[in-house]
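The values are calculated or read from the model by the stated rules, or taken from the named source; none is laboratory data. Computed from a prediction, not measured in an experiment: that's the story for all the values here. Every residue, glycine among them, receives a Cβ derived from its backbone with ideal geometry; neighbour counts consider all protein chains shown. Ligands, DNA and RNA are excluded from the accessible area calculation, which covers all protein heavy atoms including side chains. Shrake-Rupley method; radii C 1.70, N 1.55, O 1.52, S 1.80 Å.
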Amino acid sequence: MAQRAANTGRTSGHPSNANSAATSINSLAVERDGRVRVVIEGVSPAVPGGGFAVKRVLGEPVEVEADIFADGHDRIAAVVRHRAVGSGTWNDSPMESLVNDRWGGRFTVLTEGPHEFCVQAWIDHFGTWRRDLKRRAEAKQNLAAEYPIGAALIDRAINAHPPSRVDLLRYAELLRGESNADRLEHALDERLASLMFQADERRFAAESEPTRVWVDRQRAQFSAWYELFPRSTGADAATHGTFRDVLGRLDGVAAMGFDVLYLPPIHPIGRQFRKGKNNTLNAGPEDVGSPWAIGGLEGGHDAIHPALGSVEDFRALVKAARERGMEIALDLALQCSPDHPYVIQHPEWFKHRPDGSIQYAENPPKKYQDIYPFEFECEQWQSLWNEILRVVLLWVERGVHIFRVDNPHTKPFALWEWLIAEVKRRDAGVLFLAEAFTRPKVMHRLAKVGFTQSYTYFSWRNSAAELREYFTELTATASVEYFRPSAWPNTPDILPEYLQHGGRPAFVVRAILASTLCASWGVYGPAFELMDHLAVAPGSEEYLDSEKYQIRAWETDRPDSLAPLITLLNRIRRENAALQQDRTLLFHACNNPAILAYSKTDGDDCIVVVANTDSYHVQWSSVDLDLAALGLAAELPYQMHDLLTGTKYRWQGRTNVVGLDPATSPAHVFRVRRHQRTEAQFEYFL
């Protein structure tokens, strides 16, 4: 990160044509003030790869660190300067020296939208004088000549901070009073030090380049998603569901504790090359097609499938969801069926074969004849971008403030950076979830350019070692500043092998892991709570009778449903702040490779999860907790309250033993109650 002299522009850079050493020196002298002695490097948080914004939510602290040093032995003072972009006024938060020239400070973001911060540091001449005065006093040296120097420094500060003028004048007079026996006490007064810090004119201060911070509402960080196909909410598989039928499902979804109800595309579906049941190429007249084949005679991305209802019905659904503490998330899929109005109105937005026909989507050897992708390299790309923006803003006006974006990795990064910025410029509360199961660097770039949350590889990370490695990468590296993970055990496209063959225990443990490893999680339901596990073919992750191609009838009141477990997990998440963020995730050692142990903490709230990733066999393991990280004393007992069963255990020391039967209790979700001071107190505590 570049450094600059405060209020004087950049201090780094080189002359464009350095023909001689003299030219180079003179050019640098013009660009920088050589009296700026402090160096600022390694400012964090920062997003690697450019001037992208770090992400926070309302009320979340921003912990800032930087390497700050200077020549010689003078003391340094430093602050974090921060503000909401456009406010015009900087707020200062003091920084403190940590270790080895590393400094730290913090501030809290209290408004949504764009913020920025920088680090400012300068030579603290008064602090240096005060430190040296104390050393001289300890050495019993004569201090008479030192007090006038301190008084002169106070005089210089008086004009820089008028509110402190009266107090500073008094201190200056006290230091000049030769008959004052308490001059040393006054000079070392902490109140004087505080006043001088506030009044310091910060001559020749250095300042880092501003770092952008984007502040979202809380749901950006902590959310529980439930995916539902509206057309499958009718009375039976022969009846197309409507928004009014979805209304009848809201109470059940809300009762399970979900706060986002995500709907796949709700637009008209094309008829040309429509896919039949189980993705067959020959659809019959009764086949409803894939919702992702968007567009028909009834309209395109701005229209609603007539069988679902009207715009007014949709608004009523949005309102009813909001009344239950939920939001409607809508799928944003930038692709068209051959029947989409854009195909006739804007053929220039598509790629054409030599024979003039439009190229359908392919991912060889797979072919998607029912979908035309946009050609983002077309000459009219800006008009295409503008239309996409119009469509998104239309749905925002209709009450949608969360979008799940289909395959964003197949569209330009520049489009997303522009589109998300334009939408958020109008409404900072709009959130975007990236459905990009692709290469890691591509997923991370999408997060950097503005996506609020991102799907993860959780669906395919099944062993304890895989989960430990992956979630350490997500939460203990620089990616934590911009990549907000969302864990989904299943989606309409992904029925993992683990769920196909692991039975009920596999569904149970994956729900526990997803909901506690990640502050945001989701399920494709009711397929998940009803443990739908049949694949269309061996080795495939496609569901048999996939809802993507047909209407399904679900027995949501089945007695073996996982709805009670999901309800409990979401309640545990709401009641424990530790599970509402990902920054404190910490893994603990186990001597059995099938067992995974981890914790999250938030102040006094401490959650420890121990899970059996083997869905077939009972597994025993010792669990070696990092007691210091959990605020526990090795010599005192502590209570482990299993929030899944209500059972309370007494543990003591680092190492304790657990046994987990996948058929009955594949995991513990412990709330840790820290030690009490006496045995009698502990017995009562239990």
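Data table
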| item | result |
| --- | --- |
| The chain, accessible area per residue, ligands and nucleic acids excluded (1.4 Å, Å²) | 44 Å² |
| Between segment 618-634 and segment 518-577, the alpha-carbon center distance in angstrom | 32 Å |
| For the chain, with +1 on Lys and Arg beta carbons and -1 on Asp and Glu, the positive-most of Gly177, Ala84, Ala139 along the dipole | Gly177 |
| Global form of segment 325-472, assessed from the alpha-carbon gyration tensor, a/c cut-off 1.5 | oblate |
| Ala152 paired with Gln652, simple spin-label distance in nm, labels 7 Å along Cα-to-beta-carbon | 6.6 nm |
| Net charge contributed by nearby residues that have their C-beta within less than 13 Å of Leu389 (K/R +1, D/E -1) | -2 |
| Karplus 3J(HN,Hα) series, Hz, for segment 371-378 with 6.51 cos²θ - 1.76 cosθ + 1.60 (x for Gly, Pro) | 9, 9, x, 6, 9, 6, 9, 5 |
| Inter-probe distance in nm under a simple model that places probes 7 Å from Cα toward Cβ, at Arg244 and Arg398 | 1.9 nm |
| Part-to-part distance (alpha-carbon centres) for segment 65-120 and segment 424-464, which is given in Å | 29 Å |
| Approximate spin-label separation Ala629-Asn591, in nm, with each point projected 7 Å along Cα-to-Cβ | 2.0 nm |
| Net length gained if the chain between Asn386 and His617 were fully extended (0.36 nm per residue, minus Cα distance) | 77.6 nm |
| Contact order relative to length of the chain, as percent, for alpha carbon pairs under 8 angstrom and 6 or more apart | 10 percent |
| Net dipole in debye of the chain [+1 Lys, Arg Cβ; -1 Asp, Glu Cβ; about Cα centre; nearest 20] | 980 debye |
| Heavy-atom accessible surface of the chain: percent carbon and sulfur, 1.4 Å | 51 percent |
| Percentage relative contact order, segment 533-618, counting C-alpha pairs under 8 Å, at least six apart | 16 percent |
| Ellipticity estimate at 222 nm from DSSP helix runs (n ≥ 4, -39,500 (n - 2.57)) divided over the chain, nearest 500 | -8500 deg cm²/dmol |
| Peptides ranked, highest mean first, by Cβ atoms within 10 Å: ranges 327-340, 517-530, 234-247 | 517-530, 327-340, 234-247 |
| Linear extension gain, Glu138 paired with Asp302, 0.36 nm per residue minus alpha-carbon span | 51.2 nm |
| Percent RCO, i.e. relative contact order, over segment 389-466, from Cα pairs under 8 Å lying at least 6 residues apart | 32 percent |
| Cα-centred dipole magnitude for segment 149-223, charges only on beta-carbon of K, R (+1) and D, E (-1), debye, nearest 20 | 400 debye |
| Positive-end residue of Asn363, Tyr455, Ala519, charge dipole of the chain with Cβ unit charges | Ala519 |
| Paramagnetic reach from Ile344 in segment 277-306 [backbone N under 12 Å; point 7 Å along Cα→Cβ] | 296-300 |
| Net lengthening on full extension, Val99/Asn279 (0.36 nm per residue, minus Cα-Cα) | 58.7 nm |
| Ala633 long-range amide H proximity, modeled H, under 5 Å | His675 |
| Cross-link reach list, aspartates and glutamates versus Lys648, counting only Cα pairs under 16 Å and skipping chain neighbours closer than eight places | Glu683 |
| Within-11-Å neighbourhood charge of Gly295 [Cβ basis; K, R +1; D, E -1] | -3 |
| Cut-off 13 Å between beta-carbons: net charge of the residues surrounding Trp214, Lys and Arg +1, Asp and Glu -1 | +2 |
